[in-house]
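Trainee: Attaching a single structure in structure tokens format; questions to follow.
The values are calculated or read from the model by the stated rules, or taken from the named source; none is laboratory data. Computed from a predicted structure; not experimentally measured. FYI the Cβ positions are ideal-geometry reconstructions off the backbone, even for glycines, and counts take in every protein chain you see.
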Amino acid sequence: MNGLMRHIERAHNVTLPAGRLPFRLGEAPVGWVEPAVAEALCRLGCRRSGDAVVLDAAEALPATARRLASDGWFTWRDEAFDVRPDDAGQAVATIDRGALPLFGIAAAGVHLNGLVRRADGLHLWVARRARAKALDPGKLDHLVAGGIGAGLSPRQTLIKEAEEEAGLPAALAAKARKVSTVRYTMLRAEGLRRDVLHCFDLLLPDDFVPRPMDGEVESFALWPMGQVLNTVRGTDEFKFNVNLVLIDLFLRLGIIDEEAEEGRALRAALTESASSEIEFNNDKPG
């Protein structure tokens, strides 16, 4: 059990506040910042209210983040993400993707299990991340995965990323089925990651072969599910959050018996994390 459970435990390696201060946009709680970041924010127009750091004008958040990037606090990625309170689904601001871990703001993404059923059993398309990637270079990844940009729904993001990353036509990607949500709160080198992953399954035709399109991935390979399970159980070759989505897949498909001791423990660990953060309600086709 420890071979799989360790991935879930590693993705939940912090209990908030963990020495951080709440960050609010007006009355909306949206993040957690370290004391040094709080001081820098107060020099840029934020204020202290009790133990919280408050930026009263939500529309000023992008410019405030830009100032922090200019001062070397994080690397600007030029991708706007929505900012949502922990207890609501509506976006209250946007911020550059690179700033999310610095502010401890919850982010969302999509992961697609690209499945192929053959005579010898079920297979999964596995991507190898480009060696030049800033985060997790060379790690194994899903066929399609990506962050949800400002104004987009999970399904819109999935269709967009599918074509951009793997040459998966929009009409085919649109057939993907939303199956689960995986969450984690994790300290990494880039900061505090509070991520929600919207997981999709798509049964692909046997003759479909993905192609690296935008430089995010260097290659794709079709693996039998037994090889996927053994790799997740025994190695750290997959990107850290991909392991969580695959554990959920193993449980749902019965590759790991959900009624056995291992399965019950894994499902309980995934379910506990899934109840602690925000959920989106705008996952509509289109």
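Trainee: If we keep just the residues of the range 38-51 that are more than 22 Å from A91 (Cα to Cα) and among the aliphatic types (A, V, I, L, M), which is surrounded by the fewest Cβ atoms within 10 Å (Cβ to Cβ)?
Mentor: Top of the filtered list is L44.
Trainee: Condition first: surrounded by 18 or more Cβ atoms within 10 Å (Cβ to Cβ), within 21 Å of the chain's Cα centre (by Cα) and β-branched (V, I, T). Now tell me which residues in the range 15-37 satisfy that.
Mentor: Passing the criteria: V30, V33.
Trainee: On the basis of being part of a strand (DSSP E or B) and closer than 30 Å to L251 by Cα, does G109 make the cut? Outline the logic, then answer.
Mentor: On the way: part of a strand (DSSP E or B): yes; closer than 30 Å to L251 by Cα: yes.
Against the criterion (part of a strand (DSSP E or B) and closer than 30 Å to L251 by Cα), G109 qualifies.
Trainee: If you check L204 against the conditions, is it under 22 Å from the mean Cα position of the chain (by Cα), of a type outside the set (K, R), surrounded by 19 or more Cβ atoms within 10 Å (Cβ to Cβ) and not assigned by TED's automatic domain parsing to the domain that holds P29? Walk me through how you get there before you give the answer.
Mentor: Values: under 22 Å from the mean Cα position of the chain (by Cα): no; of a type outside the set (K, R): yes; surrounded by 19 or more Cβ atoms within 10 Å (Cβ to Cβ): yes; not assigned by TED's automatic domain parsing to the domain that holds P29: yes.
No; evaluated as a whole, the condition is false for this residue.
Trainee: Would you say V14 is within 15 Å of T64 (Cα to Cα) and touching a residue at least 12 places away in the same chain (Cβ under 8 Å)? Show your work before the answer.
Mentor: Numbers: within 15 Å of T64 (Cα to Cα): no; touching a residue at least 12 places away in the same chain (Cβ under 8 Å): yes.
In short, no.
Trainee: Need the failing condition index for A60 against (1) in a helix (DSSP H, G or I); (2) under 22 Å from the mean Cα position of the chain (by Cα); (3) farther than 30 Å from T231 by Cβ, just the number.
Mentor: The one condition A60 does not meet is (2).
Trainee: While we're here: Count, please, the residues in the range 220-273 that happen to be of a type in the set (V, I, T), in a helix (DSSP H, G or I) and modelled with pLDDT of 95 or more. Give the steps one after another, and end with the answer.
Mentor: Here is the first cut: in the range 220-273, the ones of a type in the set (V, I, T) are 228, 231-232, 235, 242, 245, 247, 255-256, 271.
Among the residues that remain, those that are also in a helix (DSSP H, G or I) are: 228, 231-232, 242, 245, 247, 271.
Those still in the list that are modelled with pLDDT of 95 or more too: 228, 231-232, 242, 245, 247.
The number of residues fulfilling the criteria is 6.
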